[in-house]
Amino acid sequence: MNTHRKRNNDFTRRVLTVVKNIPHGRIATYSAVARMAGNPSAWRAVGNIMRSCGVLSIPCHRVVNSSGLVGGYNVLAVKIELLRHEGIRVFGKKILRFHELKWQKDDRSQCS
């Protein structure tokens, strides 16, 4: 495996680990996930990883836009419904009480 592919696989693994640790009823932004996974500028890559992740145990619906919009995801209505099921209120595409619900765990030790 070449070095670039290995680095991408390592980053993907760290992103999925971070996302798996977002608590029920909380959200994290794409940029926060990128930072916690060790590459703060890779927020677009986080979006791509979320879009292509088909693992049901990874709560991709909890990763949202930094402006408080639901954003991204394969089927927006499904993401909104999953968030609502966890008690997160969404009006249109906007998450209500966005700043109160943000999970910003700074300890990256679980991602190593």
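Structure data summary
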| item | result |
| --- | --- |
| Filter result (surrounded by 19 or more Cβ atoms within 10 Å (Cβ to Cβ) and touching a residue at least 24 places away in the same chain (Cβ under 8 Å)) within the range 66-88 | 68, 70, 83, 88 |
| 3 or more residues under 14 Å from the mean Cα position of the chain (by Cα): qualifying helices (runs of 4 or more DSSP H) within the range 32-111 | 43-52, 76-85 |
| Residue count, the range 35-49 (criterion: in contact (Cβ under 8 Å) with a residue 12 or more places away in the chain and under 16 Å from residue 9 (Cβ atoms)) | 7 |
| Search result, residues across the range 9-31 that are surrounded by fewer than 19 Cβ atoms within 10 Å (Cβ to Cβ), touching a Phe, Trp or Tyr at 6+ places or on another chain (Cβ under 7 Å), touching a residue at least 40 places away in the same chain (Cβ under 8 Å) and of a type outside the set (Lys, Arg) | 23 |
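Laboratory data are not the source of any read-out in this text; all were calculated from the coordinates shown. Source: prediction; values computed, not measured. Don't worry about glycine lacking a Cβ; one is built from the backbone with ideal geometry, like all the others, and counts go over all protein chains shown.
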